[in-house]
Amino acid sequence: MSRIPAAVYHGYEIFTMVVPVDGGLWSATSEIEINGANGIDISQGFGGPCQGHTREEAQAMVIADTKHKIDDLLAEP
């Protein structure tokens with residue numbers, strides 16, 4: 001089974017998981033994948049959880065959070 005990333009940022013593929021939660025809200029988390037020297041590196045539970053009033057809002061929030069964390073990761077010496 002293949003997956004399609006929700007976004008790609010600086011070579012990292014961002015995959016999101018969005019589920020409905022109590023109160024009519026949606027919760028989203030993310031994981032990232034990148035092809036490294038030793039194959040595919042996966043970081044599960046990388047971004048989120050982020051809650052929004054719609055599926056799209058929660059997904060957009062977790063993608064923004066994940067991009068920020070990737071920037072932080074790349075800024076490390």
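When restricted to residues that are farther than 26 Å from Gly24 by Cα and of a type outside the set (Val, Ile, Thr), region 41-66 contains 2.
Counting the residues of region 1-38 that are under 19 Å from Leu74 (Cα atoms) and not charged (D, E, K, R) gives 15. For beta carbons closer than 8 Å, sequence separation of 6+ or different chains, a first residue in region 61-77 that is touching a residue at least 60 places away in the same chain (Cβ under 8 Å) and closer than 16 Å to Ile34 by Cα and a second that is among the small types (Gly, Ala, Ser) and not in a helix (DSSP H, G or I), the qualifying pairs are Lys67/Ala7. Filter region 18-50 down to the residues that are more than 21 Å from Val8 (Cβ to Cβ) and over 13 Å from the mean Cα position of the chain (by Cα), then identify the one that is surrounded by the most Cβ atoms within 10 Å (Cβ to Cβ). If we take residues in region 18-50 being more than 21 Å from Val8 (Cβ to Cβ) and over 13 Å from the mean Cα position of the chain (by Cα), then Trp26 is surrounded by the most Cβ atoms within 10 Å (Cβ to Cβ).
Values in this text are rule-based calculations from the coordinates and carry no lab data. None of these values were measured; they are calculated from a predicted model. Every residue, glycine as well, gets a Cβ built from its backbone with ideal geometry; the counts of neighbours run over all protein chains shown.
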